[in-house]
1. Filter region 87-109 down to the residues that are out of contact with any His (no Cβ under 7 Å at 6 or more places or on another chain) and hydroxyl-bearing (S, T, Y), then identify the one that is modelled with the highest pLDDT.
2. A36: in a helix (DSSP H, G or I) and open to solvent by less than 60 Å² (accessible area, probe 1.4 Å), yes or no?
3. Considering only region 140-166, state which residues are assigned to a helix (DSSP H, G or I), open to solvent by less than 40 Å² (accessible area, probe 1.4 Å) and touching a residue at least 60 places away in the same chain (Cβ under 8 Å).
4. Could you check, for region 126-136, whether at least one of its residues is open to solvent by 70 Å² or more (accessible area, probe 1.4 Å), under 30 Å from R163 (Cβ atoms) and either without any contact (Cβ under 8 Å) to a residue 24 or more places away in the chain or touching a Phe, Trp or Tyr at 6+ places or on another chain (Cβ under 6 Å) (or both)?
5. Does region 110-120 hold any residues that are open to solvent by less than 30 Å² (accessible area, probe 1.4 Å) and either within 15 Å of the chain's Cα centre (by Cα) or closer than 10 Å to M92 by Cα (or both), and which are they?
6. Before we move on, is R67 in a helix (DSSP H, G or I), in contact with a Leu (Cβ under 7 Å, 6 or more places away or on another chain) and open to solvent by 60 Å² or more (accessible area, probe 1.4 Å)?
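The values are calculated or read from the model by the stated rules, or taken from the named source; none is laboratory data. Given the structure is predicted, the values throughout are model-derived calculations rather than measurements. Positions of Cβ are backbone-derived with ideal geometry, glycine not excepted, and every protein chain shown enters the neighbour counts. For accessibility, only protein heavy atoms count, side chains too; no ligands or nucleic acids. Shrake-Rupley method; radii C 1.70, N 1.55, O 1.52, S 1.80 Å.
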Amino acid sequence: MEIVSAAERSSAWSWAQTTALIVPFVALLGVYVTYALNQRSVRRERRSKTFAEALTAVEEYLEMPYRIRRRPDLPEVRRELTDEVSSILARMAFHQAWLQIEASSVAGPYAALVATARAEAGVQMSVAWLHPPITSDNGMNLGTAYSRDRSNAAKTTCIAAMRRHL
């Protein structure tokens, strides 16, 4: 039987000492992993919101033929509608630039969506301006919807690219 002196026992490494070193390390690792996951979630949420805002700008542009057709016969309304079209075009251009910088894999599909919407709704707006302003509640029901087939297809492609990017 071997006898261990008190000096040897005090210099020996114990499980308590090992635990005292491992526990703070594991806790710090847990804090780091939680922080990293939270930051990833915040970035994903920010991108999702920006994508939704970009799609909203296109949707507002596609709605403009209806707003033009339903306009009252007032010069200030005509000015407001043309200002709104300009504002929407500027927002779509902003989102195109932002996507080129932040999400290049989405920039192409979004640019195609914008081009398609401009081609489709642009012609529809030109035709809508040729219709006389609506003067009664009965005229608010336009009877037929403007075609959005090409824009809807481009939007589906764009949304798929946005989902892949997220």
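1. S87
2. Values: in a helix (DSSP H, G or I): yes; open to solvent by less than 60 Å² (accessible area, probe 1.4 Å): yes.
Judged against the criteria, A36 is a match.
3. Result: S151, C158, M162.
4. no
5. Y110, L113, V114
6. Considered against the rule, which asks whether it is in a helix (DSSP H, G or I), in contact with a Leu (Cβ under 7 Å, 6 or more places away or on another chain) and open to solvent by 60 Å² or more (accessible area, probe 1.4 Å), R67 comes out as yes.
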